Protein chains: 2
Amino acid sequence: MSAPLPGYGTHFGINNIPFGVGSSNAHPHPTCVTRFGDSVIFLHEISDRLKLSAVAGLPSNVFAEASLDAFAALGRQAHQAVRTRLQHAIANDETLSSLPKGAIEPIDQVKMHLPVNVGDFTDMSCSHHHVQNASEAMTGKRSAPPAFFNMPIGYAGRCSSLDISGTPVERPLGQYWAGKPGESEVVFGPSKKMDFELELGCVVGKPVSRKQRVLASQADEHIFGYVLVNDWSARDIQALEMIPLGPLNGKNAGTTVSPWVITPDALRGFKAASPARRQATLPYLCDSGNEAIDVKLEVQVTRPGAETSESQTYCRSNSAWMYWTLKQCLAHQAIAGCGLRTGDLLATGTVSGEGVDEHGCLLEHMRAGEKPPRGYLEDGETVTLTGYCGDGVGFGECVATLEAAKELDG
Amino acid sequence: MSAPLPGYGTHFGINNIPFGVGSSNAHPHPTCVTRFGDSVIFLHEISDRLKLSAVAGLPSNVFAEASLDAFAALGRQAHQAVRTRLQHAIANDETLSSLPKGAIEPIDQVKMHLPVNVGDFTDMSCSHHHVQNASEAMTGKRSAPPAFFNMPIGYAGRCSSLDISGTPVERPLGQYWAGKPGESEVVFGPSKKMDFELELGCVVGKPVSRKQRVLASQADEHIFGYVLVNDWSARDIQALEMIPLGPLNGKNAGTTVSPWVITPDALRGFKAASPARRQATLPYLCDSGNEAIDVKLEVQVTRPGAETSESQTYCRSNSAWMYWTLKQCLAHQAIAGCGLRTGDLLATGTVSGEGVDEHGCLLEHMRAGEKPPRGYLEDGETVTLTGYCGDGVGFGECVATLEAAKELDG
């Protein structure tokens, strides 16, 4: 992995061509954009230049909208057609001089927004290393949940607190055990165990109708693209509340999403083998075994007021290490008949390896006998997730700073 | 409780004045409606008659919209002003002869729709009788979750599978233990343990902004109104998947919502004392102790093809029996800073008493030594929830038929 340039320009080469939603002084209303290097291209303004009216089924103002919903819903063929036209327009024109000048702005002049409206957000549990590391930290015993190797288990997350990268997250108030879980007093106050979770997510494009089932092997048809997700977690609040209905407020202070949706087409060259199956996988969840995605993931933590160059690289992980892929997650989510709508977000849960420098969250370090590299997060610390594949294809960053809790004044 | 008339007309007297969204042959586009007796009144068409333009802050076309979102967001004062004008217009005019004729249709000519767009749906666990009955059924031991008396615990539910009353629910496919949980083979197929859950829900009106906290005692300001909810549950799918992240697909086949939003003002005369506190309640969750709502709840189950008159009254319960109120649920949901948006739905979880004829779901009957009145639901059975307060104030019905599972053909 080559070190990303400032601005992560190397993540956005000709082989990437991601989609997002941006605004700026010159473009005060958020509209659909793509990115090449450190340049943001406002797509509606280059529609004529790209002859997008010739793309079958593409509504004429689809990129003037404030979200990618309508474009995402069109399905893979439309996404491929637009991406290919963009690649042709940009090829051999690294300065983008052939495109209308007003349509292009440097990334540092552009404010990015959530790319889609998320109607449902499900966070799955895909990494066997994560669940085993976390189990050992919490119970001393290295085990996986009973259904882990049968299906990607998961919980529904909160949509109202999904944040675009760059938005601060406030340390939540809540109830938690003052000492040992189940044996100490329950107290109320700011969480003392704020954690990050390094995750990959996918955004639904063409919707899955109610009662429609989707095979994992065919799930690409419904995936608009991939993002990075930081599922901030208040471990103390979570520990008290989650028996037996799972996490709620412990996960609700904020969930940070990276701004650029990376298409399955950009990632096609980075397929990898999934870990060997521990048991037979049901047909609806089966794939070729080579559908994992080789995204090199990193977490950096920056102290309050420090330069990014002083960041501590906290963890290196890889999305190909997970037992379940997001295609399998999508198939599993659909099997009960709930349908998936355009913009729905599915995430992988924490992506970890087994090694101590491969823990995608801080909780995993609390294993007995493991010397934690640090405690939970402090106010003012900034957590940056990055993901890079190679050949100019990466995710950029997913970043947020933890703010101090606001007192309860009501 | 007087037996409701056919069509539940007695639930919708002058003291009720609920809000909903309806359409008909004469009104092909769904718009906002109210109901008096068995008459549905299309609100946009009586705006002039009611001089609604004099209501401060009310947009002129707010009732022409296909959801109540914009109206709900205005807050309690606007809701009260409109309700009062409706009551004055209807008082002493039981035939509604003073209203424009085209604005009124009989309920059996009107198709009802989901009243709001639900951005987040949280299902809480408010009934101590339910958790204790359910615990005894599953573990043989009568206990409550560790945090139950500290706060209303809950899980985020699926928004894409919220259904308006009358929509059939399809028995889901999924994975479950063939026999004893944890000790038998995991199999795949249609759920064999389909259950209903008798619940009360509230719809958020004026939004709660991110990081804003709300005291339970002040939560009415953010509650547009109340509905009945049937949180259909596949107990076998749920049992396998829910450790440790809580239920997901076991709850996703469908969640049925009643069409009429009953305002806090209509329910003001039906306040009741909450059960005695088992321990000190934190300030943010405290109320006067008399904020429970006395809604007499019933579940009826009708065999395939049978008349409603042959329904089995399965359970009688009451929302005032619950340990936590929905105002407390709203305060708890907000405390971590996630915000609540207009249209968000919070539900109580199963509302039960301790007696065998007071179980709000079938699972509770599986207690050792208790003779179950019946097994889990069969294909074609119809479940009807009703809720009635008195003096012409009720919820009508929340009804859905269980359909057979569709084979997996993909």
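The values are calculated or read from the model by the stated rules, or taken from the named source; none is laboratory data. Please read these numbers as outputs of a predicted model, since none were measured by experiment. Every residue, glycine as well, gets a Cβ built from its backbone with ideal geometry; the counts of neighbours run over all protein chains shown. Side chains are part of the model used for accessible areas, which takes the heavy atoms of the whole protein and leaves out ligands, DNA and RNA. Shrake-Rupley method; radii C 1.70, N 1.55, O 1.52, S 1.80 Å.
For the stretch B:212-222, give me the residue count where each residue is open to solvent by 50 Å² or more (accessible area, probe 1.4 Å) and over 16 Å from B:D120 (Cβ atoms).
Counting residues in the stretch B:212-222 that are open to solvent by 50 Å² or more (accessible area, probe 1.4 Å) and over 16 Å from B:D120 (Cβ atoms) gives 3.
Here are some conditions: (1) of a type in the set (A, V, I, L, M, F, W, C); (2) buried (at least 24 other Cβ atoms within 10 Å of the Cβ); (3) farther than 21 Å from B:H11 by Cβ. B:V351 meets all but one. Which one does it not meet?
Every listed condition holds for B:V351 apart from (3).
Going through A:K141, A:K101 one at a time, which residue ends up being in the same structural domain as A:I293 (by TED's automatic domain parsing) and either under 30 Å from A:A336 (Cα atoms) or open to solvent by 30 Å² or more (accessible area, probe 1.4 Å) (or both)?
Going through A:K141, A:K101 in turn, just one is in the same structural domain as A:I293 (by TED's automatic domain parsing) and either under 30 Å from A:A336 (Cα atoms) or open to solvent by 30 Å² or more (accessible area, probe 1.4 Å) (or both): A:K141.
I'm trying to understand the selection: among the residues of the stretch B:373-408, which are touching a helix residue (DSSP H, G or I) at 6+ places or on another chain (Cβ under 9 Å), in a strand (DSSP E or B) and not small (G, A, S)?
Answer for the stretch B:373-408, where residues must be touching a helix residue (DSSP H, G or I) at 6+ places or on another chain (Cβ under 9 Å), in a strand (DSSP E or B) and not small (G, A, S): B:T382, B:T384, B:T386, B:Y388, B:C389, B:V393, B:F395, B:E397.
So which of B:A78, B:A147 is in the same structural domain as B:A219 (by TED's automatic domain parsing), free of Cβ contacts under 8 Å to residues at least 60 places away in the same chain and open to solvent by less than 20 Å² (accessible area, probe 1.4 Å)?
Going through B:A78, B:A147 in turn, just one is in the same structural domain as B:A219 (by TED's automatic domain parsing), free of Cβ contacts under 8 Å to residues at least 60 places away in the same chain and open to solvent by less than 20 Å² (accessible area, probe 1.4 Å): B:A147.
Is there a residue being within 13 Å of chain A (Cβ to nearest Cβ), crowded, with 24+ Cβ neighbours inside 10 Å and in a loop (DSSP other than H, G, I, E, B) anywhere in the stretch B:266-287?
no
For residues that are more than 12 Å from chain A (Cβ to nearest Cβ), out of contact with any His (no Cβ under 7 Å at 6 or more places or on another chain) and either open to solvent by 20 Å² or more (accessible area, probe 1.4 Å) or part of a loop (DSSP other than H, G, I, E, B) (or both), tally how many sit in the stretch B:254-264.
4
For residues that are in contact (Cβ under 8 Å) with a residue 12 or more places away in the chain and aliphatic (A, V, I, L, M), scanning just the stretch B:150-182, find the one that is farthest from B:R278 (Cα to Cα).
B:L173
Quick check on the stretch A:355-366. Is at least one of its residues open to solvent by 10 Å² or more (accessible area, probe 1.4 Å), touching a residue at least 60 places away in the same chain (Cβ under 8 Å) and either of a type in the set (F, W, Y) or not in a helix (DSSP H, G or I) (or both)?
no
Tell me, please, whether a residue that is open to solvent by 10 Å² or more (accessible area, probe 1.4 Å), at negative phi and touching a helix residue (DSSP H, G or I) at 6+ places or on another chain (Cβ under 7 Å) can be found in the stretch A:194-202.
No; the residues of the stretch A:194-202 include none that is open to solvent by 10 Å² or more (accessible area, probe 1.4 Å), at negative phi and touching a helix residue (DSSP H, G or I) at 6+ places or on another chain (Cβ under 7 Å).
Can you pull out every residue in the stretch B:68-99 that is part of a helix (DSSP H, G or I) and within 19 Å of B:V21 (Cβ to Cβ)?
B:D69, B:A70, B:F71, B:A72, B:A73, B:A78, B:H79, B:V82, B:R83, B:L86 - these are the residues of the stretch B:68-99 that are part of a helix (DSSP H, G or I) and within 19 Å of B:V21 (Cβ to Cβ).
Could you please give the count of residues in the stretch B:220-253 that are within 11 Å of chain A (Cβ to nearest Cβ) and under 24 Å from B:Y388 (Cβ atoms)?
1
Which residues, counting only those in the stretch B:56-67, are assigned to a loop (DSSP other than H, G, I, E, B) and modelled with pLDDT of 95 or more?
Residues satisfying the conditions are B:L58, B:P59, B:N61, B:E65, B:A66, B:S67.
Pick from the stretch A:55-67 the residues that are among the aliphatic types (A, V, I, L, M) and open to solvent by less than 70 Å² (accessible area, probe 1.4 Å): which of them is farthest from the chain's Cα centre (by Cα)?
Ranking the candidates gives A:V55 first.
Return the residues of the stretch A:151-199 that are closer than 12 Å to A:T256 by Cβ, away from chain B (no Cβ under 11 Å) and not in a loop (DSSP other than H, G, I, E, B); say none if nothing qualifies.
Correct list: A:I164, A:L198, A:E199.
Taking the options A:T84, A:T122, name whichever one is hydroxyl-bearing (S, T, Y), open to solvent by less than 20 Å² (accessible area, probe 1.4 Å) and either closer than 30 Å to A:Q218 by Cα or touching a Pro at 6+ places or on another chain (Cβ under 6 Å) (or both).
After applying the criteria, what remains is A:T122.
Restricting attention to the stretch A:352-373, does a residue exist that is hydroxyl-bearing (S, T, Y), under 18 Å from the mean Cα position of the chain (by Cα) and in the same structural domain as A:D195 (by TED's automatic domain parsing)?
Yes, some residue in the stretch A:352-373 is hydroxyl-bearing (S, T, Y), under 18 Å from the mean Cα position of the chain (by Cα) and in the same structural domain as A:D195 (by TED's automatic domain parsing).
Given the conditions (1) at pLDDT 95 or above; (2) of a type in the set (D, E); (3) under 28 Å from A:T281 (Cβ atoms), and given that B:E221 satisfies all but one, which numbered condition is not satisfied?
(3)
Across the stretch A:288-314, which residue is farthest from A:I335 (Cα to Cα) among those that are open to solvent by 60 Å² or more (accessible area, probe 1.4 Å) and polar (S, T, N, Q)?
A:S309
Only one of (1) under 20 Å from the mean Cα position of the chain (by Cα); (2) within 14 Å of another protein chain (Cβ to nearest Cβ); (3) of a type in the set (D, E, K, R) is not met by B:R316, so which one is it?
For B:R316, the failing item is (2).
Hey, among the residues in the stretch B:10-48 that are part of a loop (DSSP other than H, G, I, E, B), more than 18 Å from B:A78 (Cα to Cα) and out of contact with any helix residue (DSSP H, G or I) (no Cβ under 8 Å at 6 or more places or on another chain), which one's most open to solvent (accessible area, probe 1.4 Å)?
The residue in question is B:H29.
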